[in-house]
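Below: one structure, written as structure tokens.
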Amino acid sequence: MTPEVFIRPLVKEAVKALYGQEPEDKLIQPQPTRKEFEGDVTIMAFPFLRLSHKGPEDTANQIGEYLKANSPQVESFNVVKGFLNIKLSQDFWKGAFREIFESENYGQLPSTGKTVMVEFSSPNTNKPLHLGHIRNILLGWSVSKLMEANGHKVVKTNIVNDRGIHICKSMLAWLMCANGATPQSTGIKGDHFVGDYYVKFNNILKEQAAEILAQGKPEEDPEKEKARAKEAEKQAPVQLEAQSMLRRWESGDPKIVDLWKTMNGWVYEGFDQTYDRLGVGFDIIYYESDTYKLGKKTVLEGLEKGVFERHPDGSVWCDLTADGLDQKLLLRSDGTSVYMTQDIGTAQERYSAYKFDQMVYVVGDEQNYHFQVLKLILSKLGFKWADSIYHMSYGMVELPEGKMKSREGTVVDADDLLQTMYETARENSLELGKLSDMDEKEKEALFEMLGQGALKYFIIKVDPRKKMLFNPKESIDFNGNTGPFIQYTHARIKSILRRASDAPSVPDGAALNGKEIELVKILASFPDKIREAGQSMSPALVANYCYDLAKEFNQYYHDFSILKEEDTEVRCQRLALASAVAKTLVKGMDILGIQLPERM
């Protein structure tokens, strides 16, 4: 139990006893005492002045005196300008510590009975996963784990964007350039193989557009010249052929559909290998090639009901100007679908199957407008559950050299990145020279664990709403706010526990010193941190909590001996404290998808 939770009902009782009126819960706002003052928890007296009819300092002193006289867990208090700072007793902290130590699943909040669906990854089947996908996947997985820790039933889902003009571009380039090559014949991982043809398509497109531009006169105005270049790309033969291929796909052309199935199959095999290495998975996967059909049906029904309108060219739109937005295309003039169409269908299928209480879309902030429109359109269609949609918007990942571009092939490939992290972890670990008692298999597993821990922690520790700059070298440092630092702390604790001849326990006769109470304070705040992180959809709060806990333990370990402590009860209690820290780190880092080694 945290000091804040403990003190709230006592203050309520004190105010009622002193002033004859029970204060509203919202008036009692306990906060941790600031470090420059003595105390564990602080209460503001100002909200109670209308009940006490006294000044803030007198009110705070009266409440403090009452608490000290009537609660043995209140050791002392002091008042600073109307702020009541309360110091809790050894008994309180011992009780809190014992509760933490004996808890089997510390940090897990009670079941809420609510179902939360979390969509993440959402790749296109025309390119391999890259660093941008990595942030999405890691955030989606950790948000899912965070929702589970908050007591919700979680359904992890993925929507694969397996249809559309971008898919046809890779297919067309393969027909033009591959000469029958396959991932098997070339030894190239399936998603990489198909992604190479997406880049080839755009190279062909640029060449053809340049030829068209050369036939005309350049515009002096840069904006007009940019528009001319865009039009040239639209008129390039390869672009027109890709659009034709999309229409033929939607009409069910057997040859196009067979090629589509084959190439997507190559990509799925590649995706699964990357997901497996990252240690993530999904409860259900949806495919745009299925859900867009329901989306089209719903759009046409909305058209009949007057929710949408058809333009003279045959395209279907939703007019959102009265809502302060613009008009949104739902079906192109040739009848083909757009992303919004499939999102409408996917949302319907999901709610029908799971009746979710909340639907969380983990998608970059570049799509903020898209999800604002999706929610509004679903509401206009009469779906009451539209209000339960939440867009977890996150900032893009950038590199020191700038933004990545898939069509130009200037991305950091996810598989290359994972391998780089593994190799860096291997190099750094071998330099430390502490693995002589491990066999090669154990070493390989450790290097993978450290590399993944470094990558995941570096990405997740940043507030999701912020853009971030990724630097692999910084991420794998064994000191500072990094995954390997926390992993090393856990391995250190496990080493202490293995070497101990006593069993960890919380004896009644052993007092907690000041440093130990500070550790118990941090441990006691873990459930509240889980709750706060869940409410704000920010796994970064858990990541930085784990760092603060690991840092505090290392300082404690530096100042106080554990194994060499001569007093048996004190020694057992310190072992229990180390054990509680390790247990809490495991729970916290598991929410981030990070494993902690037993030794390193």
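Just a few scattered comments:
- Applying the criterion of at least 3 residues that are within 22 Å of Tyr286 (Cβ to Cβ) to the strands (runs of 3 or more DSSP E) found wholly in the stretch 300-406 leaves 327-331, 358-364, 389-394.
- Residue satisfying condition, being touching a helix residue (DSSP H, G or I) at 6+ places or on another chain (Cβ under 8 Å) and aliphatic (A, V, I, L, M), within set Ala454, Ala491, Ala445: Ala454
- Flag for Ser185 being buried (at least 22 other Cβ atoms within 10 Å of the Cβ) and modelled with pLDDT of 95 or more: no
- Cross-chain or 6+ apart pairs with Cβ under 7 Å, the stretch 430-456 first and closer than 10 Å to Met600 by Cα and in a helix (DSSP H, G or I), then of a type in the set (Lys, Arg) and modelled with pLDDT under 95: Phe447/Arg426
- Residues (hydrophobic (A, V, I, L, M, F, W, C) and either crowded, with 16+ Cβ neighbours inside 10 Å or not in a helix (DSSP H, G or I) (or both)) located in the stretch 211-228: Ile212, Leu213
- Considering residues of the stretch 388-411 that are crowded, with 17+ Cβ neighbours inside 10 Å and of a type in the set (Val, Ile, Thr) only, the residue modelled with the highest pLDDT: Ile389
- Under the condition of being closer than 25 Å to Trp317 by Cβ and either in contact with a Phe, Trp or Tyr (Cβ under 8 Å, 6 or more places away or on another chain) or surrounded by fewer than 14 Cβ atoms within 10 Å (Cβ to Cβ) (or both), the residues counted in the stretch 245-256 number 2.
- Residue match in the stretch 257-276 (condition: surrounded by 15 or more Cβ atoms within 10 Å (Cβ to Cβ), over 30 Å from Leu455 (Cβ atoms), in contact (Cβ under 8 Å) with a residue 12 or more places away in the chain and of a type in the set (Ser, Thr, Tyr)): no
- Residue in the stretch 128-135 that is modelled with pLDDT of 95 or more, of a type in the set (A, V, I, L, M, F, W, C) and within 35 Å of the chain's Cα centre (by Cα) present: no
- Selection status of Ala69, in contact with a strand residue (DSSP E or B) (Cβ under 8 Å, 6 or more places away or on another chain) and closer than 18 Å to Glu13 by Cα: no
- Of Glu349, Glu366, all but one fail to be of a type outside the set (Lys, Arg), at pLDDT 95 or above and farther than 21 Å from Arg248 by Cα; the exception is Glu349.
- Leading residue by the ranking (surrounded by the most Cβ atoms within 10 Å (Cβ to Cβ)) among those in the stretch 513-563 that are at negative phi and outside any helix (DSSP H, G or I): Pro539
- Some residue of the stretch 298-319 being among the small types (Gly, Ala, Ser) and touching an Asp or Glu at 6+ places or on another chain (Cβ under 7 Å): no
- Being assigned by TED's automatic domain parsing to the domain that holds Asp191, part of a helix (DSSP H, G or I) and not aromatic (Phe, Trp, Tyr) holds for only one residue in Asp272, Asp290, and it is Asp272.
- Qualifying positions in the stretch 181-210 - aliphatic (A, V, I, L, M) and either in contact with an Asp or Glu (Cβ under 7 Å, 6 or more places away or on another chain) or part of a helix (DSSP H, G or I) (or both): Val194, Val199, Ile204, Leu205, Ala209, Ala210
- Counting the residues of the stretch 64-121 that are among the β-branched types (Val, Ile, Thr) and within 30 Å of Gly281 (Cβ to Cβ) gives 4.
The values are calculated or read from the model by the stated rules, or taken from the named source; none is laboratory data. No experiment lies behind these values; they were computed from the predicted model shown. Counting neighbours? That spans all protein chains shown, and the Cβs are built from the backbone with ideal geometry, glycine included.
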